[in-house]
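Everything below concerns the one structure shown next.
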Amino acid sequence: MSGMFVVKIGGSLLTDKNGYCAPNKEMVRQYARTIASAWDRLRGNLILVVGGGSYGNAVPIRYNLKDASLPWKDRDLSMMTVKMFEWLSLVTEIFREEGVPCYPFQPSGFVVTDDKHPVRFFVEPVQHVLDHGVVPLFSGDLVFDLKREFIIFSSDNIPELFVDRMPLQRVVMLTDVEGVLEYAEDGLERRVIPAVTKENYREVLLCTGPSRKQDITGGMKNKLEALLRLAEQGVEGVVTSGRDASALLPALFEEKPQGTVIRPWVKRGLVEDVDRVFGL
Ligand SMILES: Nc1ncnc2c1ncn2[C@@H]1O[C@H](COP(=O)(O)OP(=O)(O)OP(=O)(O)O)[C@@H](O)[C@H]1O
Ligand SMILES: C=C(C)CCOP(=O)(O)O
């Protein structure tokens, strides 16, 4: 198998993130057309992840499912998964219309976590889908947890599921900002941090925080932490703007793409470092 690409398209791009289950169908279509235009290079090599946006971040608030310790009702337990699958189905249909075959996967059916960390994940069907030249499509979901009953599992954490099972080449996360930003002291002036390395990752993490829009999974901080764990296992990450869908292709294929590149390094202990510094 050649190197695999994982692309996560942010919910801030594909939905009206401050709304309730409000898809931007035209944007989904533009992404489908972009992928169709590079299909020869991507067939069998691409895993696609769509962000939760106004589905994944609004539904848990409406149904009290943000955390299992909240007073949620039995009849509502299904609603996160129901609405996420509605979202995955819509994306699959639009991609199909544009000639890109996708197969949607529902995470609560194949991932189990222990205190938020995935401990079991059934990868075999994903491999079958890839072998048929079809794009496995993922999102975040409510996932059952050995200690916390259930958790809300962010789409930013989906790429890590594959790291031990597939030869990942690059993980690209497209979002509504130009990359990981460093803000000036007045909080206004900002610059894109071009590279995150084992030398500067601690300072860069301190620059990151939650989303300014409706969001329950940690915004840029969770994204960067996930990409750092991948870098520690030798996988390159890219965070860049996806406001123009065509930005996907240079982010995937250019040696030095725009935005922030998280350079891979192999240094045992990074995951523990991140956990200790940020109290995860
Ligand atoms: N240092 C930072 N650099 C860039 N963005 C940051 C930083 N710190 C916090 N953010 C916030 O993180 C947001 C991007 O994360 P967010 O999770 O909202 O995006 P997304 O992945 O597109 O959406 P979704 O999680 O719905 O898929 C930015 O819009 C910004 O508000
Ligand atoms: C999608 C779900 C269930 C939660 C939110 O995920 P994210 O916005 O993709 O981080």
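Quick grid of which residues meet (1) basic (Lys, Arg); (2) surrounded by fewer than 16 Cβ atoms within 10 Å (Cβ to Cβ):
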residue	(1), (2)
Val204	no, no
Gly209	no, yes
Gly219	no, no
Thr240	no, no
Arg243	yes, yes
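I'd like the residue in the stretch 179-232 that is polar (S, T, N, Q) and more than 8 Å from ligand 1 (Cβ to nearest atom) and, out of all such residues, is nearest to the chain's Cα centre (by Cα).
Ranking the qualifying residues of the stretch 179-232, first place goes to Gln214.
Could you tell me whether the stretch 90-110 includes any residue that is within 16 Å of ligand 1 (Cβ to nearest atom) and touching a residue at least 60 places away in the same chain (Cβ under 8 Å)?
The answer is yes, given that some residue of the stretch 90-110 is within 16 Å of ligand 1 (Cβ to nearest atom) and touching a residue at least 60 places away in the same chain (Cβ under 8 Å).
Is there any pair with a first residue in the stretch 182-201 that is more than 15 Å from Leu224 (Cα to Cα) and a second that is charged (D, E, K, R) and open to solvent by 50 Å² or more (accessible area, probe 1.4 Å) whose Cβ atoms are under 9 Å apart and which are 6 or more apart or on different chains, and what are they?
Close Cβ pairs (under 9 Å, with a partner that is charged (D, E, K, R) and open to solvent by 50 Å² or more (accessible area, probe 1.4 Å)) amount to Tyr183/Glu189; Tyr183/Arg190; Tyr183/Arg191; Ala184/Arg190; Ala184/Arg191; Arg190/Glu178; Arg190/Glu182; Arg191/Glu182.
Go through the stretch 63-84 and give me each residue that's part of a helix (DSSP H, G or I) and within 16 Å of ligand 1 (Cβ to nearest atom).
Met80, Lys83, Met84
Just checking, which of Tyr20, Tyr31 is surrounded by fewer than 18 Cβ atoms within 10 Å (Cβ to Cβ) and over 14 Å from the mean Cα position of the chain (by Cα)?
Tyr20
How about the stretch 82-122: which of its residues are open to solvent by less than 30 Å² (accessible area, probe 1.4 Å) and of a type in the set (Val, Ile, Thr)?
Selection gives Val91, Thr92, Ile94, Val100, Val111, Thr113.
Which one of Val59, Val91 is over 28 Å from His128 (Cα atoms), of a type in the set (Val, Ile, Thr) and touching a helix residue (DSSP H, G or I) at 6+ places or on another chain (Cβ under 8 Å)?
Val59
Assuming Val261 fulfils every condition listed in (1) modelled with pLDDT of 90 or more; (2) not in a strand (DSSP E or B) apart from one, which condition is it?
Answer for Val261: the failing condition is (2).
Within the stretch 150-180, count every residue that is farther than 14 Å from Phe5 by Cα, in a strand (DSSP E or B) and aliphatic (A, V, I, L, M).
2
Kindly indicate which of Phe162, Phe150 is of a type in the set (Phe, Trp, Tyr) and within 15 Å of ligand 2 (Cβ to nearest atom).
Sole residue among the options that is of a type in the set (Phe, Trp, Tyr) and within 15 Å of ligand 2 (Cβ to nearest atom): Phe150.
Taking the stretch 85-116 as the region of interest, how many residues are in contact with an Asp or Glu (Cβ under 9 Å, 6 or more places away or on another chain), within 16 Å of ligand 2 (Cβ to nearest atom) and not in a loop (DSSP other than H, G, I, E, B)?
Total meeting the criteria: 7.
Give me a count of the residues in the stretch 133-149 that are in a loop (DSSP other than H, G, I, E, B) and within 16 Å of ligand 1 (Cβ to nearest atom).
Within the stretch 133-149, residues that are in a loop (DSSP other than H, G, I, E, B) and within 16 Å of ligand 1 (Cβ to nearest atom) number 2.
The values are calculated or read from the model by the stated rules, or taken from the named source; none is laboratory data. Since the model is a prediction, treat every value here as computed from it, not as a measurement. So basically every Cβ, Gly included, is an ideal-geometry build from the backbone, and we count neighbours across all protein chains shown. Ligands, DNA and RNA are stripped out before the accessible areas are found, and what is left, the full protein with its side chains, is counted by its heavy atoms. Shrake-Rupley method; radii C 1.70, N 1.55, O 1.52, S 1.80 Å.
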